[in-house]
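The structure appears right after this line, and notes come after that.
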Amino acid sequence: MTTTHCPYCSLQCGMVLEGRRTLEVQPWAEFPVNEGALCRKGWTATGLRGHRERLTTPLVRDRATGELRAAGWDEALDLVAGRLRALQAEHGKDAVGVFGGGGLTNEKAYSLGKLARVALGTSQIDYNGRWCMSSAASAGNQAFGIDRGLPFPLADIEHTDVLVLVGSNLAETMPPAARHLDRLRENGGRVVVIDPRRTPTADRADVFLQPVPGTDLPIALGLLHLIDAADAVDEEYVATRTTGWEDVRRTAAAWWPERVERVSGVSAAELRELAELVGDAEKVMVLTARGAEQHAQGTDTVLAWIAVALALGMPGKEHAGYGCLTGQGNGQGGREHGQKADQLPGYRMIDDPAAREHVAGVWGVEPSSLPGKGRSAYELLDALGTDAGPKALLVFGSNIVVSAPNATHVAARLASLDLLVVADLVLSETAALADVVLPVTQWAEETGTMTNLEGRVILRQQAAAPPDGVRSDLDVIAGLAARLGHDFATDPEEVFAELGRASAGGKADYSEITYDRIRAEHGVFWGTPRMFADSFAHADGRARFVPVEHRGPAEPVDAAYPLHLTTGRVLAQYQSGAQTRRVRELPDAGPFVELHPMLADRIGAYDGRPVVVSTRRGELKAPARVVDTIRPDTVFVPFHWVGANRLTNDALDPSSRMPEFKVCAAAVTA
Ligand code: SF4
């Protein structure tokens, strides 16, 4: 019997795995985050064990036939290292790019960053977490001086007075978390949901606002306008704990409710009702998720909602404040330990001389040998194979072909590479394009830490041996490093201890956390469980109001593309679906197009019959789902299958470099 955690989302539900050959999932009632509850993805998580599509030998593309053929580990790793060396000798260190994932353990994320900066000497590393919650991270750093998804335990939700969920469908994306909403309402609290779709989360709401996609920002400015007009601003808090309010107040003054209504479709009356609700409440908690964040203006949108929380005097107050609901399993830790283009372990900035000196000391290299800041995830992919861009890419824990925006373009860039190497469990859509595929362990077959959405570091423990022929990512990274002349640890606990030393003194400091402590304490928060009680992380201890203006989506609707396309998840699938689409017990209906009956009538579409969604980047044919829970001017496509991201826009947020996954202009025909 092994206690561990689910392989999927950022809740990192605790579970018990029993059995030797066949693992069975059991509840782990003592683990506080999920108290034994799991969603259907968690219950079926062992479905990939022994799956017939598991890769158990490296694959190398045969030059003569163009097909992938089985190869030995030494042959595959020697080939990769040799070609990386040759490409760097010809084109320079940055000829090699590394692409990581927000589902990798902290140890893997750390080792991958070290592989890039020390063994390869390349600046070209980033990861798919850039597409997850980087806008909230950027906003958190600007406003609070630090970025932690939730600066308080998730269960605090139950004790607030008003919970405002902006762009979160947690009842479907992390169902065990929905019990906090139910308990909050039992305790007399109120739930507000803002979403272009009436989701299962919205069905639990006391107040539901259904705006045009991409207009969460003006709604926040309108709320600020009304809160100020009603004298509901916590003036003492604003004066003693923040700076910048007057600039934000001036911006919000122009967002009277009728103007918000014209832009967002949320009526002035609805906005006034919400302003009254939050203005009268003692404790208000604002949580954003991808719906608010995955925009070319995602950072500004989050800053506007943080401003709402600050104006009401909430951040730092018990059971109140602002937080972001992370998406990927290690969305938080994955961006703290060095696989992000601008960061070194401990959430240190790579262009900070003191940070470089500290980390270089742990790594036993000269600070001057460490490369500088690289390209962000999409910019890295966009540059592949170009004169100035990488000629080779190593991919760990990411299925780019499905998950990248403007995916047809990205697939073309991958195809232009001299060398694509993918480490994965199965032949994902991205691995199928690779020159070398390296078969790696999956979660139940390895040990390592993850940092959940609360900043709680938890321990996944190995419950079964991997199939013969499969290696852990840490082994693969160390094998490559060795061939490039560097000695990397492969034992997860040893890597974690090194990560602790590298992160010591950084914003995300893991130096006091050990595997034993995690086991004994049901996970260990980095920092304190509740942050900002006395001060924020800026040097003066104050939070920042940051003035923002509404620009609107990068691609507004027009006569040719008159509808808003938005994308998201369904309960039974996870991210690119590389894992969950292969779990037999999980329904895999394929992509669908959700549209309103009025729109269906107009174009002659019928439920279950195919429709074609087109944007300026491509089109997708899929069955229609005619539902009255979506706005009539909006269509929704889930992104777990090939296709949705062939439609999405690659416009980037100027600060976080987040692509605008959540809205673009589209047309639909029957
Ligand atoms: Fe829990 Fe998320 Fe796993 Fe579902 S997918 S069991 S909510 S960690």
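The numbers here are math on the coordinates, done by the rules we state, and not lab data. Fair warning: this is a prediction, and the values are worked out from it, not measured in the lab. Here the Cβ is made from the backbone with ideal geometry for all residues, glycine too, and neighbour counts use every protein chain on show.
Extension gain, GLU186 to GLU35: 0.36 nm times the residue separation minus the Cα-Cα distance gives 52.5 nm.
Given their separation in residues at 0.36 nm each and the Cα-Cα distance between them, ALA70 and ARG272 gain 66.3 nm when the chain is fully extended.
Each of PRO151, ALA137, GLY100 was scored by the projection of its Cα onto the charge dipole of the stretch 80-221, and the greatest displacement toward the positive side belongs to GLY100; charges sit on the C-beta of Lys, Arg, Asp and Glu. Between the helical axis of 492-503 and the longest alpha-carbon principal axis of the chain there is an angle of about 60 degrees.
For the chain, the 222 nm mean residue ellipticity estimated from helices alone, with every DSSP H stretch of n ≥ 4 adding -39500 (n - 2.57) and the total spread over all residues, rounds to -8500 deg cm²/dmol. Net charge dipole, the stretch 186-241: roughly 340 debye, given to the nearest 20, about the Cα centre with Cβ charges of +1 for Lys and Arg and -1 for Asp and Glu. What shape does the stretch 541-670 take by its C-alpha gyration tensor, where a ≥ b ≥ c are the square roots of the eigenvalues and a/c under 1.5 counts as rounded, a/b above b/c as prolate, and the rest as oblate? Judged from the Cα gyration tensor, the stretch 541-670 comes out oblate (a/c at least 1.5, b/c at or above a/b). Overall shape: oblate for the stretch 57-116, with the ratio a/c of the largest to smallest alpha carbon gyration tensor axis at 1.5 or above and b/c at least equal to a/b. Using the alpha-carbon atoms, what tilt in degrees (0 to 90, nearest 10) does helix 134-144 show relative to the longest principal axis of the chain? Taking the Cα atoms of the chain, the angle to 134-144 is about 60 degrees. Here the stretch 344-393 yields Rg over Rh of 1.08, to two decimals, using C-alpha coordinates and the Kirkwood radius.
In the chain, the DSSP beta bridges split such that about 45 percent are antiparallel, to the nearest 5.
Residue order for TRP255, TRP363, fewest other beta carbons within 10 angstrom first, comes to TRP363, TRP255. Between the listed residues VAL164, ALA489, GLY479, the Cα displaced farthest toward the positive end of the dipole of the chain, a dipole computed from Cβ unit charges relative to the Cα centre, is found at GLY479.
Here the stretch 515-670 carries DSSP beta bridges of which approximately 65% are antiparallel, counting only pairs with both residues inside. In plain terms, the chain from ARG63 to ALA230 could stretch by 53.0 nm, reckoned as 0.36 nm per residue minus the Cα-Cα distance. The simple Förster model, with R0 at 22 Å and r as the Cβ-Cβ distance, assigns ASP247 and ASP540 a FRET efficiency of 0.85.
May I ask which residue of GLY321, SER368, SER403 lies farthest towards the positive end of the charge dipole of the stretch 318-420, with charges of +1 (Lys, Arg) and -1 (Asp, Glu) on Cβ and the Cα centre as origin? Positive-end residue among those listed: SER403.
So for the stretch 307-372, averaging the separation of alpha carbon pairs under 8 Å that are six or more residues apart and normalising by length, what relative contact order in percent results? Relative contact order comes out at 15 percent. Taking a ≥ b ≥ c as the square roots of the eigenvalues of the alpha-carbon gyration tensor, the stretch 209-291 is classed prolate because a/c is 1.5 or more and a/b outweighs b/c. What net charge is computed for the residues neighbouring GLN210, neighbours being all others with C-beta under 10 Å from the C-beta of GLN210, Lys and Arg scored +1, Asp and Glu -1? My count for the surroundings of GLN210 gives +1. Electrostatic bookkeeping for ASP161 treats Lys and Arg as +1 and Asp and Glu as -1; over the other residues with beta carbon under 15 Å from its beta carbon, the sum is -4.
Placing +1 on each Lys and Arg Cβ and -1 on each Asp and Glu Cβ, with no other charges, gives the chain a dipole about its Cα centre of roughly 1420 debye.
Short-range pairs are left out: with C-alpha atoms under 8 Å and at least six residues apart, the relative contact order of the chain is 20 percent. Under a model in which nothing but the beta-carbon of Lys, Arg (+1) and Asp, Glu (-1) is charged, the stretch 98-207 shows a dipole of about 340 debye around its Cα centre. For the stretch 618-646, the residues whose backbone nitrogen is under 18 Å from a point 7 Å from the Cα of ALA415, taken along Cα to Cβ, are 618-620, 642-646. Could you pull out the pairs from LYS317/LYS507; LYS41/LYS621; LYS41/LYS391 whose alpha carbons sit more than 31 Å apart here? Listed pairs above 31 Å: LYS41/LYS391.
Neighbours of VAL96, meaning other residues whose beta-carbon lies under 11 angstrom from its beta-carbon, give a summed charge of +2 when Lys and Arg score +1 and Asp and Glu score -1. Model label sites at ALA89 and TYR606, defined 7 Å from Cα along the beta-carbon direction, differ in position by 6.5 nm.
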